[in-house]
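Chemist: Quick one: this structure, given as structure tokens, is what I'll be asking you about.
The values are calculated or read from the model by the stated rules, or taken from the named source; none is laboratory data. Bear in mind that the values here come from a model prediction, so they are computed numbers and not experimental data. Quick reminder, even Gly has a Cβ in these numbers, built from the backbone with ideal geometry, and neighbours come from all protein chains shown. Note: areas computed on protein heavy atoms with side chains; ligands, DNA, RNA excluded. Shrake-Rupley method; radii C 1.70, N 1.55, O 1.52, S 1.80 Å.
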Amino acid sequence: MFPGFDNVFRFSQNHSNRSFHADLIGDETTGEALLRGEWVPKTTLPAHWAMGKAEPLDIAWGRHTAWYYISPKVLQLFKQHGITGWSTYPIELHNKAGEVYPGYAGLSITGRCGPIDEQGGEVEPGQKEGKKFIRRCGLFFDESTWDGSDFFCPEGENTYMFATARVKHLLDENNICGLVFTPLAETTWISRPHK
């Protein structure tokens with residue numbers, strides 16, 4: 001049963017330049033395919049420090065919005081608590097000094113829901129219908145299309161990543177930081193009007 005748009009969250013990086021960032025070496029066009037679990041590399045991908053703090057936290061990321069890396073502690077928590085809708089791909093994470101942090105993995109989101117309702121949510125004050133891009137509050141989809149996963153992303157070409165309250169509470173209870181969780185009912189986003 002769908003928990004409601006107040007209890008499902010869009011998660012994202014906290015966008016702090018002080019946070020540890022490591023970039024995967026290779027073609028950035030595979031970023032969305034990696035994130036969505038649509039491409040699994042056959043070899044371990046090197047991820048080298050790019051900016052920010054010298055050492056990674058339990059959740060780290062790259063400068064591409066699709067690159068998320070999770071520590072062995074987070075992997076274990078997800079497995080122990082039966083978190084669904086995710087998989088990993090092999091990485092070799094390097095800190096600023098070039099040392100390898102063993103056990104980290106790239107995070108892919110394999111759970112799904114239907115496409116985003118491009119006309120859903122409230123138009124924010126000051127925005128006018130008919131413009132090329134409209135800022136809205138409330139990111140919605142057809143609830144019946146959710147596959148029931150704890151981690152999931154909507155169909156279509158996008159990098160939206162959603163998580164249930166189970167994921168948020170598990171990370172909060174274990175002091176795992178590095179992500180920003182916003183209820184979908186309160187998420188602001190840019191939509192394109194109908195042509």
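Chemist: Residues THR88, THR65, THR30: which one is open to solvent by 30 Å² or more (accessible area, probe 1.4 Å), among the hydroxyl-bearing types (Ser, Thr, Tyr) and assigned to a strand (DSSP E or B)? Break it down stepwise before answering.
Modeler: Working: THR65 fails: assigned to a strand (DSSP E or B); THR30 fails: assigned to a strand (DSSP E or B).
After ruling out the rest, the residue left standing is THR88.
Chemist: Conditions: (1) at pLDDT below 90; (2) more than 22 Å from THR187 (Cβ to Cβ); (3) in contact with a Leu (Cβ under 6 Å, 6 or more places away or on another chain). ALA66 meets all but one. Number of the miss?
Modeler: That leaves (2) as the condition not met.
Chemist: Which residue, of PHE162, PHE140, is farther than 30 Å from PHE20 by Cβ and of a type in the set (Phe, Trp, Tyr)? Talk me through it step by step, then tell me what you get.
Modeler: Values: PHE162 fails: farther than 30 Å from PHE20 by Cβ.
Exactly one residue qualifies, and that residue is PHE140.
Chemist: Moving on. Suppose we filter PHE152, PHE162, PHE133 for residues that are among the hydrophobic types (A, V, I, L, M, F, W, C), closer than 21 Å to GLU32 by Cβ and surrounded by fewer than 13 Cβ atoms within 10 Å (Cβ to Cβ); which single one remains? Steps first, answer last, please.
Modeler: Values: PHE152 fails: surrounded by fewer than 13 Cβ atoms within 10 Å (Cβ to Cβ); PHE162 fails: surrounded by fewer than 13 Cβ atoms within 10 Å (Cβ to Cβ).
Exactly one residue qualifies, and that residue is PHE133.
Chemist: Then there's this: Can you find even one residue in the stretch 107-118 that is outside any strand (DSSP E or B) and under 18 Å from HIS81 (Cβ atoms)? Reasoning before the result, please.
Modeler: In the first step, residues of the stretch 107-118 are kept if they are outside any strand (DSSP E or B); the result is 110-111, 114-115, 117-118.
With under 18 Å from HIS81 (Cβ atoms) added as a condition, the list becomes 110-111.
Yes, that holds for at least one residue.
Chemist: Which one of VAL123, VAL100, VAL180 is of a type in the set (Val, Ile, Thr), open to solvent by 50 Å² or more (accessible area, probe 1.4 Å) and without any contact (Cβ under 8 Å) to a residue 60 or more places away in the chain?
Modeler: Numbers: VAL123 fails: open to solvent by 50 Å² or more (accessible area, probe 1.4 Å); VAL180 fails: without any contact (Cβ under 8 Å) to a residue 60 or more places away in the chain.
The match here is VAL100.
Chemist: For the stretch 36-59, how many residues are open to solvent by less than 70 Å² (accessible area, probe 1.4 Å), of a type outside the set (A, V, I, L, M) and in a loop (DSSP other than H, G, I, E, B)? Full working, then the answer.
Modeler: Step one: list which residues in the stretch 36-59 are open to solvent by less than 70 Å² (accessible area, probe 1.4 Å), which gives 36-37, 41, 45-47, 50-52, 54, 56, 58-59.
Adding the requirement that they be of a type outside the set (A, V, I, L, M) leaves 36-37, 41, 46, 52, 56, 58.
When the remaining residues are screened for being in a loop (DSSP other than H, G, I, E, B), the result is 36-37, 41, 52, 56, 58.
Of the residues in that region, 6 qualify.
Chemist: Can you find a residue in the stretch 71-81 that is out of contact with any His (no Cβ under 9 Å at 6 or more places or on another chain), free of Cβ contacts under 8 Å to residues at least 60 places away in the same chain, of a type in the set (Ser, Thr, Tyr) and crowded, with 17+ Cβ neighbours inside 10 Å?
Modeler: yes
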